1. Any idea of the accessible area per residue across region 3-419, 1.4 Å probe, to the nearest Å²?
2. Work out which helices of the chain, taken as complete DSSP H runs, extend at least 30 Å along their axis over the Cα atoms and score a mean Kyte-Doolittle of 1.0 or more, then list them.
3. Please give the Cα centre distance for region 293-362 versus region 1-53, rounded to the nearest Å.
4. How would H394, H300 line up by accessible area, probe 1.4 Å, largest first?
5. When all alpha-carbon pairs of region 82-216 are counted, what percent fall beyond 17 Å?
6. Rounded to two decimal places and with Rh computed the Kirkwood way over Cα pairs, what is Rg over Rh for region 63-149?
7. Return the long-range amide H neighbours of V379 (sequence gap of 5 or more, or a different chain), with a cut-off of under 5 Å between placed amide H atoms.
8. Could you work out the local net charge near L325, counting Lys and Arg as +1, Asp and Glu as -1, over the other residues with Cβ closer than 15 Å to its Cβ?
Amino acid sequence: MSELDLPRDLLLGAATSSHQVEGDNRGNDWWAWEQRPGAIADGTRSGEACGWWAGRAEEDLRAAAALGHDAHRMSLEWSRLEPEPGRFDRDAFARYRQILEAARAAGLTVMVTLHHFTLPEWVARLGGWTHANTPLLFEGYAERVARELGQGVDLWATLNEPAVLAWMAYAGDRWPPGQKSLRSAFRAIARQLDGHARAYRAVHRVLPDAQVGLVLNMPRFDPADPSRRLDRWAAAAQDWAFTGAILHALRHGELRLPLAPVRRAAPSLRAALDWVGLNFYGRFAVRFDPTALDAALGRHVQRPTVARGDNDWGQPSPDGMVRQLERLAALDVPLYVTENGTWGDDAHCVAYLESHLAAVAAAARRGLDIRGYFAWSLVDNFEWAEGWETRFGHFALDRETQARTLRPVGARFGEICRARRR
Ligand code: FCB
(Lines give C-alpha, C1' and ligand atoms only; values in the text may rest on other atoms or scores of the structure.)
Protein backbone atom coordinates (compact mmCIF):
# COMPACT_ATOMS: atom_id res chain seq x y z
CA MET A 1 0.00 0.00 0.00
CA SER A 2 1.12 3.57 -0.59
CA GLU A 3 -0.20 7.09 -0.83
CA LEU A 4 -4.02 6.83 -0.90
CA ASP A 5 -3.41 3.21 0.06
CA LEU A 6 -3.73 1.94 -3.49
CA PRO A 7 -2.87 -1.74 -3.84
CA ARG A 8 0.67 -2.03 -5.16
CA ASP A 9 -0.30 -4.28 -8.04
CA LEU A 10 -3.16 -2.07 -9.27
CA LEU A 11 -2.43 -1.00 -12.85
CA LEU A 12 -2.51 2.76 -13.24
CA GLY A 13 -2.63 4.59 -16.51
CA ALA A 14 -4.73 6.62 -18.92
CA ALA A 15 -7.15 5.77 -21.71
CA THR A 16 -7.50 7.06 -25.27
CA SER A 17 -9.42 5.96 -28.37
CA SER A 18 -8.36 5.77 -31.98
CA HIS A 19 -10.58 8.37 -33.59
CA GLN A 20 -10.10 10.83 -30.77
CA VAL A 21 -6.28 10.91 -30.96
CA GLU A 22 -5.04 9.49 -34.26
CA GLY A 23 -5.93 12.16 -36.78
CA ASP A 24 -6.75 12.02 -40.47
CA ASN A 25 -9.01 9.08 -39.85
CA ARG A 26 -11.04 9.28 -43.03
CA GLY A 27 -12.57 5.86 -43.49
CA ASN A 28 -15.16 5.78 -40.72
CA ASP A 29 -18.67 7.04 -40.08
CA TRP A 30 -17.46 9.81 -37.76
CA TRP A 31 -15.20 11.48 -40.29
CA ALA A 32 -18.10 11.77 -42.71
CA TRP A 33 -20.44 12.97 -39.96
CA GLU A 34 -18.06 15.71 -38.79
CA GLN A 35 -17.99 17.31 -42.21
CA ARG A 36 -21.68 18.23 -41.93
CA PRO A 37 -22.22 21.84 -40.88
CA GLY A 38 -23.46 22.05 -37.30
CA ALA A 39 -22.61 18.44 -36.44
CA ILE A 40 -19.97 19.40 -33.88
CA ALA A 41 -21.01 21.83 -31.16
CA ASP A 42 -17.95 24.07 -31.32
CA GLY A 43 -17.62 23.93 -35.10
CA THR A 44 -14.37 21.92 -35.02
CA ARG A 45 -13.49 18.54 -36.57
CA SER A 46 -11.20 15.75 -35.53
CA GLY A 47 -8.69 16.81 -38.22
CA GLU A 48 -5.13 15.98 -37.26
CA ALA A 49 -6.34 15.20 -33.72
CA CYS A 50 -3.27 14.47 -31.55
CA GLY A 51 -1.20 13.24 -34.46
CA TRP A 52 -0.92 9.67 -33.18
CA TRP A 53 -1.13 8.04 -36.56
CA ALA A 54 1.41 10.42 -38.04
CA GLY A 55 3.94 9.51 -35.36
CA ARG A 56 3.11 11.12 -32.02
CA ALA A 57 1.66 8.06 -30.29
CA GLU A 58 5.11 6.95 -29.25
CA GLU A 59 6.07 10.19 -27.56
CA ASP A 60 2.79 10.36 -25.65
CA LEU A 61 3.16 6.79 -24.45
CA ARG A 62 6.73 7.44 -23.36
CA ALA A 63 5.61 10.60 -21.56
CA ALA A 64 2.94 8.58 -19.73
CA ALA A 65 5.51 5.99 -18.67
CA ALA A 66 7.92 8.72 -17.57
CA LEU A 67 5.20 10.11 -15.30
CA GLY A 68 4.86 6.73 -13.65
CA HIS A 69 1.92 5.16 -15.51
CA ASP A 70 2.38 1.44 -15.91
CA ALA A 71 -0.54 0.77 -18.26
CA HIS A 72 -2.39 2.34 -21.17
CA ARG A 73 -5.79 1.69 -22.69
CA MET A 74 -6.07 2.47 -26.41
CA SER A 75 -8.29 1.38 -29.28
CA LEU A 76 -7.82 0.12 -32.82
CA GLU A 77 -9.54 1.62 -35.80
CA TRP A 78 -11.50 -1.03 -37.66
CA SER A 79 -11.77 1.20 -40.74
CA ARG A 80 -7.99 1.42 -41.06
CA LEU A 81 -7.43 -2.31 -40.58
CA GLU A 82 -10.27 -3.47 -42.85
CA PRO A 83 -10.91 -0.57 -45.23
CA GLU A 84 -13.11 -2.74 -47.46
CA PRO A 85 -15.04 -5.89 -46.63
CA GLY A 86 -12.52 -8.71 -46.25
CA ARG A 87 -9.51 -6.61 -47.36
CA PHE A 88 -7.10 -6.08 -44.51
CA ASP A 89 -4.44 -3.41 -44.71
CA ARG A 90 -0.91 -4.56 -44.05
CA ASP A 91 0.46 -1.05 -43.49
CA ALA A 92 -2.18 -0.28 -40.90
CA PHE A 93 -1.31 -3.45 -38.99
CA ALA A 94 2.35 -2.47 -39.21
CA ARG A 95 1.65 0.98 -37.76
CA TYR A 96 -0.28 -0.49 -34.83
CA ARG A 97 2.53 -2.97 -34.28
CA GLN A 98 4.94 -0.05 -33.94
CA ILE A 99 2.68 1.68 -31.45
CA LEU A 100 2.18 -1.47 -29.39
CA GLU A 101 5.91 -2.14 -29.40
CA ALA A 102 6.61 1.40 -28.23
CA ALA A 103 4.15 0.92 -25.39
CA ARG A 104 5.77 -2.33 -24.38
CA ALA A 105 9.28 -0.85 -24.63
CA ALA A 106 8.15 1.94 -22.30
CA GLY A 107 7.04 -0.70 -19.80
CA LEU A 108 3.31 -0.19 -20.23
CA THR A 109 0.75 -2.97 -19.92
CA VAL A 110 -1.57 -2.48 -22.87
CA MET A 111 -5.33 -2.82 -22.95
CA VAL A 112 -6.70 -2.69 -26.48
CA THR A 113 -10.33 -1.96 -27.34
CA LEU A 114 -11.41 -3.39 -30.68
CA HIS A 115 -14.28 -0.97 -31.25
CA HIS A 116 -14.60 2.42 -29.63
CA PHE A 117 -17.69 4.00 -31.23
CA THR A 118 -16.44 4.31 -34.83
CA LEU A 119 -17.47 1.98 -37.67
CA PRO A 120 -15.91 1.63 -41.11
CA GLU A 121 -18.09 3.53 -43.55
CA TRP A 122 -18.87 0.29 -45.37
CA VAL A 123 -20.31 -1.20 -42.17
CA ALA A 124 -22.20 2.01 -41.41
CA ARG A 125 -23.75 1.91 -44.88
CA LEU A 126 -25.18 -1.53 -44.15
CA GLY A 127 -27.00 -0.07 -41.15
CA GLY A 128 -24.25 -0.19 -38.52
CA TRP A 129 -25.16 -1.97 -35.31
CA THR A 130 -28.78 -2.40 -36.31
CA HIS A 131 -27.83 -4.76 -39.15
CA ALA A 132 -27.91 -8.52 -38.56
CA ASN A 133 -24.51 -9.06 -40.23
CA THR A 134 -22.55 -6.55 -38.22
CA PRO A 135 -21.82 -8.90 -35.27
CA LEU A 136 -20.41 -11.44 -37.76
CA LEU A 137 -18.32 -8.86 -39.53
CA PHE A 138 -17.01 -7.72 -36.16
CA GLU A 139 -16.13 -11.31 -35.30
CA GLY A 140 -14.09 -11.64 -38.50
CA TYR A 141 -12.23 -8.43 -37.77
CA ALA A 142 -11.55 -9.46 -34.17
CA GLU A 143 -10.12 -12.80 -35.22
CA ARG A 144 -7.80 -11.18 -37.75
CA VAL A 145 -6.61 -8.63 -35.21
CA ALA A 146 -5.90 -11.35 -32.67
CA ARG A 147 -3.77 -13.15 -35.25
CA GLU A 148 -1.89 -10.09 -36.42
CA LEU A 149 -1.42 -8.14 -33.20
CA GLY A 150 -1.93 -10.73 -30.48
CA GLN A 151 1.64 -10.66 -29.27
CA GLY A 152 1.51 -6.97 -28.41
CA VAL A 153 -1.71 -6.93 -26.39
CA ASP A 154 -2.07 -7.74 -22.69
CA LEU A 155 -5.80 -7.16 -22.19
CA TRP A 156 -8.54 -7.11 -24.78
CA ALA A 157 -11.77 -5.13 -24.65
CA THR A 158 -14.26 -5.97 -27.37
CA LEU A 159 -16.55 -2.93 -27.26
CA ASN A 160 -16.71 0.41 -25.53
CA GLU A 161 -19.99 1.46 -23.90
CA PRO A 162 -22.69 -0.23 -25.99
CA ALA A 163 -25.44 1.72 -24.23
CA VAL A 164 -23.83 5.12 -24.79
CA LEU A 165 -23.35 4.39 -28.48
CA ALA A 166 -26.95 3.19 -28.79
CA TRP A 167 -28.26 6.20 -26.97
CA MET A 168 -26.27 8.86 -28.76
CA ALA A 169 -26.22 7.39 -32.26
CA TYR A 170 -29.43 5.39 -32.60
CA ALA A 171 -31.88 6.87 -30.09
CA GLY A 172 -30.45 10.35 -30.56
CA ASP A 173 -29.32 12.42 -33.50
CA ARG A 174 -26.01 13.90 -32.40
CA TRP A 175 -23.79 10.92 -33.33
CA PRO A 176 -23.82 8.96 -36.58
CA PRO A 177 -26.13 7.61 -37.89
CA GLY A 178 -28.48 9.78 -35.79
CA GLN A 179 -31.51 7.59 -36.26
CA LYS A 180 -33.73 9.02 -33.52
CA SER A 181 -35.39 5.68 -32.91
CA LEU A 182 -35.62 3.95 -29.55
CA ARG A 183 -36.33 0.69 -31.30
CA SER A 184 -33.08 0.96 -33.27
CA ALA A 185 -31.22 1.84 -30.08
CA PHE A 186 -32.27 -1.29 -28.22
CA ARG A 187 -31.64 -3.40 -31.29
CA ALA A 188 -28.17 -1.84 -31.53
CA ILE A 189 -27.44 -2.83 -27.94
CA ALA A 190 -28.57 -6.42 -28.54
CA ARG A 191 -26.44 -6.68 -31.67
CA GLN A 192 -23.43 -5.19 -29.93
CA LEU A 193 -23.77 -7.78 -27.17
CA ASP A 194 -23.89 -10.49 -29.81
CA GLY A 195 -20.81 -8.90 -31.43
CA HIS A 196 -19.09 -8.89 -28.06
CA ALA A 197 -19.74 -12.61 -27.48
CA ARG A 198 -18.55 -13.46 -30.99
CA ALA A 199 -15.39 -11.36 -30.68
CA TYR A 200 -14.75 -12.86 -27.25
CA ARG A 201 -14.73 -16.33 -28.78
CA ALA A 202 -12.81 -15.26 -31.88
CA VAL A 203 -9.95 -13.85 -29.81
CA HIS A 204 -9.91 -16.98 -27.67
CA ARG A 205 -9.79 -19.23 -30.74
CA VAL A 206 -6.51 -17.58 -31.70
CA LEU A 207 -5.16 -16.86 -28.22
CA PRO A 208 -6.60 -19.32 -25.72
CA ASP A 209 -5.12 -17.51 -22.71
CA ALA A 210 -6.22 -14.02 -23.75
CA GLN A 211 -8.00 -11.88 -21.18
CA VAL A 212 -11.02 -10.51 -22.97
CA GLY A 213 -13.56 -8.15 -21.45
CA LEU A 214 -16.23 -5.59 -22.15
CA VAL A 215 -16.38 -1.93 -21.14
CA LEU A 216 -19.64 -0.53 -19.78
CA ASN A 217 -20.51 3.05 -18.96
CA MET A 218 -22.68 2.94 -15.85
CA PRO A 219 -23.67 6.31 -14.42
CA ARG A 220 -25.71 6.18 -11.22
CA PHE A 221 -29.36 6.97 -11.74
CA ASP A 222 -30.52 7.99 -8.27
CA PRO A 223 -34.01 9.26 -7.39
CA ALA A 224 -33.89 13.06 -6.98
CA ASP A 225 -36.03 12.65 -3.86
CA PRO A 226 -35.63 9.12 -2.51
CA SER A 227 -38.83 9.49 -0.49
CA ARG A 228 -40.89 10.03 -3.67
CA ARG A 229 -42.06 6.81 -5.19
CA LEU A 230 -42.33 8.25 -8.70
CA ASP A 231 -38.73 9.51 -8.60
CA ARG A 232 -37.63 6.07 -7.45
CA TRP A 233 -39.58 4.46 -10.25
CA ALA A 234 -38.18 6.76 -12.98
CA ALA A 235 -34.60 6.29 -11.72
CA ALA A 236 -35.01 2.52 -11.68
CA ALA A 237 -36.51 2.54 -15.19
CA GLN A 238 -33.61 4.59 -16.57
CA ASP A 239 -31.12 2.33 -14.86
CA TRP A 240 -32.76 -0.78 -16.26
CA ALA A 241 -32.87 0.56 -19.82
CA PHE A 242 -29.26 1.77 -19.75
CA THR A 243 -27.52 -0.74 -17.51
CA GLY A 244 -29.69 -3.31 -15.77
CA ALA A 245 -30.89 -5.10 -18.89
CA ILE A 246 -27.29 -5.45 -20.11
CA LEU A 247 -26.06 -6.82 -16.78
CA HIS A 248 -28.97 -9.24 -16.75
CA ALA A 249 -28.08 -10.42 -20.25
CA LEU A 250 -24.42 -10.97 -19.35
CA ARG A 251 -25.23 -12.75 -16.12
CA HIS A 252 -28.11 -14.91 -17.16
CA GLY A 253 -27.69 -15.23 -20.93
CA GLU A 254 -31.14 -13.82 -21.56
CA LEU A 255 -32.39 -10.71 -23.35
CA ARG A 256 -35.38 -9.06 -21.77
CA LEU A 257 -37.41 -6.01 -22.62
CA PRO A 258 -36.36 -3.51 -23.91
CA LEU A 259 -33.41 -5.36 -25.50
CA ALA A 260 -35.79 -7.83 -27.12
CA PRO A 261 -39.54 -7.52 -27.71
CA VAL A 262 -40.10 -10.82 -25.93
CA ARG A 263 -37.79 -12.57 -23.50
CA ARG A 264 -35.17 -14.45 -25.50
CA ALA A 265 -32.37 -16.82 -24.51
CA ALA A 266 -28.88 -15.65 -25.53
CA PRO A 267 -26.71 -18.37 -24.02
CA SER A 268 -23.57 -17.20 -25.84
CA LEU A 269 -23.53 -14.12 -23.59
CA ARG A 270 -22.88 -16.22 -20.53
CA ALA A 271 -19.27 -17.04 -19.75
CA ALA A 272 -18.11 -14.49 -22.31
CA LEU A 273 -16.11 -12.30 -19.95
CA ASP A 274 -12.66 -12.65 -18.42
CA TRP A 275 -12.95 -9.22 -16.85
CA VAL A 276 -15.31 -6.26 -16.99
CA GLY A 277 -14.56 -2.55 -17.21
CA LEU A 278 -16.46 0.35 -15.71
CA ASN A 279 -16.40 3.78 -17.29
CA PHE A 280 -17.66 6.14 -14.65
CA TYR A 281 -18.15 9.90 -14.81
CA GLY A 282 -20.94 10.77 -12.40
CA ARG A 283 -24.45 10.43 -11.05
CA PHE A 284 -27.80 11.71 -12.21
CA ALA A 285 -30.59 12.72 -9.87
CA VAL A 286 -33.76 11.61 -11.60
CA ARG A 287 -37.05 13.45 -11.10
CA PHE A 288 -40.29 11.97 -12.39
CA ASP A 289 -41.51 13.98 -15.37
CA PRO A 290 -44.53 12.72 -17.33
CA THR A 291 -43.40 14.71 -20.37
CA ALA A 292 -40.02 12.94 -20.64
CA LEU A 293 -41.42 10.30 -22.96
CA ASP A 294 -38.10 9.21 -24.45
CA ALA A 295 -36.34 9.03 -21.10
CA ALA A 296 -38.48 6.64 -19.07
CA LEU A 297 -40.37 9.63 -17.62
CA GLY A 298 -37.35 11.00 -15.80
CA ARG A 299 -35.49 14.33 -15.96
CA HIS A 300 -32.00 14.94 -14.57
CA VAL A 301 -31.82 17.63 -11.91
CA GLN A 302 -28.51 17.04 -10.07
CA ARG A 303 -26.57 20.16 -9.06
CA PRO A 304 -23.76 20.82 -9.51
CA THR A 305 -23.12 18.85 -12.64
CA VAL A 306 -20.41 18.62 -15.29
CA ALA A 307 -22.21 19.65 -18.44
CA ARG A 308 -21.77 21.45 -21.68
CA GLY A 309 -24.70 22.15 -23.98
CA ASP A 310 -26.75 18.99 -24.32
CA ASN A 311 -24.09 16.74 -22.91
CA ASP A 312 -24.02 16.04 -19.20
CA TRP A 313 -21.45 13.82 -17.51
CA GLY A 314 -23.32 14.10 -14.20
CA GLN A 315 -22.37 15.03 -10.69
CA PRO A 316 -19.04 13.64 -9.47
CA SER A 317 -19.74 10.74 -7.12
CA PRO A 318 -16.87 8.53 -5.91
CA ASP A 319 -19.40 6.58 -3.83
CA GLY A 320 -21.55 6.07 -6.89
CA MET A 321 -18.54 4.66 -8.72
CA VAL A 322 -17.92 2.15 -5.96
CA ARG A 323 -21.56 1.12 -5.90
CA GLN A 324 -21.36 0.38 -9.61
CA LEU A 325 -18.18 -1.65 -9.11
CA GLU A 326 -20.02 -3.60 -6.44
CA ARG A 327 -22.81 -4.35 -8.89
CA LEU A 328 -20.31 -5.52 -11.47
CA ALA A 329 -18.71 -7.82 -8.92
CA ALA A 330 -21.82 -10.01 -9.31
CA LEU A 331 -20.41 -11.02 -12.71
CA ASP A 332 -17.65 -12.76 -10.82
CA VAL A 333 -14.71 -11.60 -12.91
CA PRO A 334 -11.90 -9.11 -12.19
CA LEU A 335 -12.86 -5.44 -12.39
CA TYR A 336 -11.15 -2.48 -14.03
CA VAL A 337 -12.04 1.18 -13.99
CA THR A 338 -11.48 1.65 -17.71
CA GLU A 339 -12.32 5.39 -17.78
CA ASN A 340 -12.81 8.06 -15.15
CA GLY A 341 -12.12 11.75 -15.40
CA THR A 342 -13.47 15.23 -15.79
CA TRP A 343 -12.70 18.63 -17.29
CA GLY A 344 -12.83 22.20 -16.05
CA ASP A 345 -10.57 24.10 -13.70
CA ASP A 346 -7.45 22.51 -12.28
CA ALA A 347 -8.64 22.35 -8.68
CA HIS A 348 -11.82 20.54 -9.73
CA CYS A 349 -9.88 18.04 -11.86
CA VAL A 350 -7.35 17.29 -9.10
CA ALA A 351 -10.05 16.88 -6.44
CA TYR A 352 -12.05 14.62 -8.76
CA LEU A 353 -9.03 12.41 -9.42
CA GLU A 354 -8.02 12.13 -5.77
CA SER A 355 -11.52 11.41 -4.51
CA HIS A 356 -12.15 8.69 -7.08
CA LEU A 357 -8.77 7.04 -6.52
CA ALA A 358 -9.35 7.12 -2.76
CA ALA A 359 -12.68 5.40 -3.35
CA VAL A 360 -11.00 2.72 -5.49
CA ALA A 361 -8.44 2.17 -2.74
CA ALA A 362 -11.15 1.82 -0.09
CA ALA A 363 -13.14 -0.58 -2.25
CA ALA A 364 -10.04 -2.72 -2.88
CA ARG A 365 -9.38 -2.79 0.89
CA ARG A 366 -12.88 -4.08 1.41
CA GLY A 367 -12.07 -6.93 -0.94
CA LEU A 368 -13.35 -5.89 -4.36
CA ASP A 369 -11.14 -7.45 -7.01
CA ILE A 370 -10.09 -4.25 -8.81
CA ARG A 371 -7.09 -4.73 -11.06
CA GLY A 372 -6.60 -1.35 -12.70
CA TYR A 373 -7.63 2.29 -13.05
CA PHE A 374 -7.42 4.25 -16.32
CA ALA A 375 -7.89 8.00 -16.25
CA TRP A 376 -9.70 9.63 -19.14
CA SER A 377 -7.58 10.91 -20.79
CA LEU A 378 -3.87 11.15 -21.46
CA VAL A 379 -4.03 14.20 -23.72
CA ASP A 380 -6.83 16.58 -24.79
CA ASN A 381 -8.61 14.98 -27.70
CA PHE A 382 -11.59 15.14 -30.03
CA GLU A 383 -14.59 14.77 -27.75
CA TRP A 384 -17.15 13.58 -30.32
CA ALA A 385 -20.10 15.94 -30.86
CA GLU A 386 -18.63 18.40 -28.34
CA GLY A 387 -15.45 18.92 -30.37
CA TRP A 388 -12.36 20.23 -28.61
CA GLU A 389 -13.82 22.39 -25.84
CA THR A 390 -14.18 19.72 -23.17
CA ARG A 391 -10.56 19.10 -22.31
CA PHE A 392 -10.12 15.90 -20.40
CA GLY A 393 -6.35 15.61 -20.97
CA HIS A 394 -3.72 15.15 -18.31
CA PHE A 395 -1.65 16.90 -20.95
CA ALA A 396 -3.11 20.02 -22.51
CA LEU A 397 -2.78 20.03 -26.30
CA ASP A 398 -2.05 23.08 -28.42
CA ARG A 399 -3.75 22.05 -31.65
CA GLU A 400 -1.77 24.54 -33.75
CA THR A 401 1.67 23.40 -32.70
CA GLN A 402 0.83 19.92 -31.29
CA ALA A 403 2.73 20.96 -28.15
CA ARG A 404 1.77 19.16 -24.93
CA THR A 405 1.81 20.77 -21.48
CA LEU A 406 1.34 18.77 -18.33
CA ARG A 407 -1.67 19.90 -16.28
CA PRO A 408 -1.76 19.81 -12.48
CA VAL A 409 -4.10 16.80 -12.64
CA GLY A 410 -1.55 14.93 -14.76
CA ALA A 411 1.29 15.86 -12.42
CA ARG A 412 -0.74 14.74 -9.42
CA PHE A 413 -1.64 11.43 -11.05
CA GLY A 414 2.04 10.88 -11.86
CA GLU A 415 2.96 11.48 -8.22
CA ILE A 416 0.38 8.94 -7.10
CA CYS A 417 1.63 6.39 -9.64
CA ARG A 418 5.25 6.84 -8.57
CA ALA A 419 4.48 6.74 -4.85
CA ARG A 420 2.79 3.36 -5.27
CA ARG A 421 5.94 1.84 -6.68
CA ARG A 422 8.23 2.71 -3.76
C1 FCB B 1 -16.73 8.20 -22.69
C2 FCB B 1 -16.10 7.73 -23.98
C3 FCB B 1 -14.80 8.40 -24.30
C4 FCB B 1 -14.83 9.88 -23.97
C5 FCB B 1 -15.32 10.09 -22.57
C6 FCB B 1 -15.32 11.52 -22.11
O7 FCB B 1 -18.10 7.97 -22.75
O8 FCB B 1 -15.85 6.34 -23.92
O9 FCB B 1 -14.51 8.18 -25.66
O10 FCB B 1 -15.58 10.54 -24.90
O11 FCB B 1 -16.61 9.56 -22.43
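The values are calculated or read from the model by the stated rules, or taken from the named source; none is laboratory data. Remember, it's a predicted structure, so these values are computed and weren't measured experimentally. All Cβ positions, glycine included, derive from the backbone under ideal geometry; neighbour counts span all protein chains shown. Accessible surface areas use protein heavy atoms only, side chains included; no ligands, DNA or RNA. Shrake-Rupley method; radii C 1.70, N 1.55, O 1.52, S 1.80 Å.
1. In whole numbers, region 3-419 has 38 Å² accessible per residue.
2. Qualifying helices, which must be both long enough and hydrophobic enough, do not occur.
3. Answer, in whole Å: 19.
4. My answer, sorted largest first, is H300, H394.
5. Above the 17 Å cut-off, region 82-216 has 59 percent of its Cα pairs.
6. 1.04
7. The answer is H394, F395.
8. With Lys, Arg at +1 and Asp, Glu at -1, the net is +2.
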